[in-house]
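Engineer: Okay, handing you the structure first.
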There are 2 protein chains.
Amino acid sequence: MLSKKAQYAFRALTHLVENYNKGPVLISEISKKKKIPQKFLESILLGLKQHDILESKKGRGGGYYLKEHPSQTYIATVMRIVDGPISLLPCVSLYFYKRCKNCNEKRCGLHDIMENVRDATLNILERRTLQDLV
Amino acid sequence: MLSKKAQYAFRALTHLVENYNKGPVLISEISKKKKIPQKFLESILLGLKQHDILESKKGRGGGYYLKEHPSQTYIATVMRIVDGPISLLPCVSLYFYKRCKNCNEKRCGLHDIMENVRDATLNILERRTLQDLV
DNA sequence: TAAAACCCTACCAAACAAGTAGGGTTTTAT
DNA sequence: ATAAAACCCTACTTGTTTGGTAGGGTTTTA
């Protein structure tokens with residue numbers, strides 16, 4: 001399951017897509033429009049900025065905005081930043097790989113199944129972009 | 001991610017598949033062979049029994065065994081029993097559905113994407129069975 | 001009839017989720 | 001220049017979940 005944090009992130013990003021190229025958007029505006037606790041939202045947006053999804057402008061007239069065109073940011077990327085691994089097992093994860101104790105990946109049935117699930121999932125999440133959210 | 005509990009469950013079930021039709025298997029044997037804390041394993045197996053995946057026999061010569069042929073129990077079923085929902089959002093879950101606040105399913109981009117992911121995932125997990133574990 | 005085996009309840013520590021509180025720093029319009 | 005606007009950062013809190021442990025009770029069958 002996506003965490004609430006991730007769901008907030010997508011709701012916020014949706015708002016930024018809807019306001020793409022209209023200049024920086026206030027945290028307070030996103031918070032109000034999308035009903036997300038402001039302080040919590042702050043930390044989410046900061047994380048997305050630190051991972052190059054967003055950019056921000058300080059001072060009066062500042063706010064957050066998308067770094068790239070909505071069609072250039074993949075759903076999978078955002079999920080990994082906010083929630084971590086997408087795969088169902090560490091031993092099949094591409095970005096968070098950890099080998100598993102008690103399973104020698106070459107002949108582990110569960111490994112194979114979860115590898116299939118990963119491929120099917122990423123096939124969607126690494127094609128769909130923020131643009132698809134609106 | 002699958003919980004450790006679910007991973008234990010699959011390891012235990014693998015052992016039971018390997019010993020299908022050889023009579024009841026002791027908890028203590030599964031625990032030892034698959035390196036699963038015995039008491040924890042007990043509660044896992046009990047849950048699987050209560051959900052009709054396993055059957056057990058008490059008394060001397062007792063133990064756990066698969067209720068049906070390994071090819072008749074789906075991976076998805078086990079995952080739902082042990083870890084709950086497979087879907088990434090409550091509003092796209094088939095067995096644990098909850099409508100979402102602040103998203104009117106008809107025109108929510110995220111909903112659509114996660115529905116696709118669910119279908120792709122279940123397409124695998126509802127076809128693969130315990131037999132595929134060995 | 002006693003040992004083998006499952007069954008059940010309670011408890012526990014650590015980690016994580018979902019925030020809240022409060023203040024610091026930087027920028028920019030005036 | 002300066003104050004208000006806005007982002008940035010740290011620490012704390014509360015509740016739930018995870019991953020167990022402890023200890024005993026009940027049922028069965030050799």
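Only the coordinates and a few stated rules stand behind these numbers; no lab work does. For clarity, every value in this text was computed on a predicted model and none was experimentally measured. All Cβ positions, even for glycine, are placed from backbone atoms using ideal geometry, and neighbour counts span all protein chains on display.
Engineer: When each copy gets a label point 7 Å from Cα toward the beta-carbon at B:GLU42, what are the spacings between them in nm, shortest first?
Structural biologist: Sorted ascending, the copy-to-copy spacings read 5.0 nm.
Engineer: Is the shape of the stretch A:4-66 best called rounded, prolate or oblate, per the rule: a/c under 1.5 gives rounded, else a/b larger than b/c gives prolate, else oblate, with a ≥ b ≥ c the square roots of the Cα gyration tensor eigenvalues? Working shown, then result.
Structural biologist: Values: a/c = 1.36, a/b = 1.26, b/c = 1.08.
Rounded is the answer for the stretch A:4-66, as its axis ratio a/c remains below 1.5.
Engineer: From the label point of A:ARG60, set 7 Å along Cα to the beta carbon, how far off in nm is each other copy's matching point, shortest first?
Structural biologist: Copy-to-copy label distances for A:ARG60: 9.1 nm.
Engineer: Using amide H atoms built 1.01 Å from N in the peptide plane, name the residues 5+ places from A:LEU54, or on other chains, whose amide H lies under 5 Å from its own.
Structural biologist: Those lying under 5 Å, H to H, from A:LEU54 are A:LYS49, A:LYS67.
Engineer: Here is a follow-up. For chain B, what is the relative contact order in percent, using Cα pairs closer than 8 Å and at least 6 residues apart in sequence? List each step's numbers first, then the result.
Structural biologist: Details: 156 pairs, mean separation 34.8, N = 134.
Dividing the mean separation by the residue count of chain B yields 26 percent.
Engineer: Also, I was wondering about something else. Between A:TYR97 and A:LYS49, what is the spin-label point distance in nm, taking each point 7 Å from the Cα along the Cα→C-beta axis?
Structural biologist: If labels sit at A:TYR97 and A:LYS49, their model points lie 3.4 nm apart.
Engineer: If you don't mind, another one. Under the classification rounded if a/c is under 1.5, otherwise prolate if a/b is larger than b/c and oblate if not, where does chain B fall, given a ≥ b ≥ c as square roots of the Cα gyration tensor eigenvalues?
Structural biologist: Values: a/c = 2.89, a/b = 2.37, b/c = 1.22.
Verdict is prolate for chain B.
Engineer: Considering the rotation that carries chain A onto chain B, locate the chain A residue whose Cβ comes closest to its axis and report the distance in whole Å.
Structural biologist: Nearest Cβ to the rotation axis, residue and whole-Å distance: A:ALA120, 2.
Engineer: Pairs to check: A:LYS32/A:LYS58; B:LYS22/B:LYS49; A:LYS22/B:LYS98. Give those whose C-alpha atoms are more than 28 Å from each other in this structure. Provide the component values of the computation, followed by the final result.
Structural biologist: Working: A:LYS32/A:LYS58 20 Å; B:LYS22/B:LYS49 18 Å; A:LYS22/B:LYS98 35 Å.
From A:LYS32/A:LYS58; B:LYS22/B:LYS49; A:LYS22/B:LYS98, over 28 Å: A:LYS22/B:LYS98.
Engineer: Let me know the shape class of the protein assembly as shown, please: from the alpha-carbon gyration tensor, a ≥ b ≥ c as square roots of the eigenvalues, rounded when a/c is under 1.5, otherwise prolate if a/b is greater than b/c, or oblate. Could the numbers behind the result be given before it?
Structural biologist: Details: a/c = 2.71, a/b = 2.58, b/c = 1.05.
Because a/c hits 1.5 or more and a/b exceeds b/c, the protein assembly as shown counts as prolate.
Engineer: Cross-link candidates for B:LYS5: which aspartates and glutamates have Cα within less than 16 Å, leaving aside residues fewer than 8 places away along the same chain?
Structural biologist: Straight-line reach from B:LYS5, under 16 Å: B:GLU42, B:ASP83.
Engineer: Same structure again: Tally Lys and Arg at +1 and Asp and Glu at -1 over the other residues with C-beta under 14 Å from the C-beta of A:GLU18: what net charge comes out?
Structural biologist: Details: positive: A:ARG11, A:LYS22, A:LYS33, A:LYS34, B:ARG107; negative: A:GLU29, A:ASP132.
Local charge sum for A:GLU18: +3.
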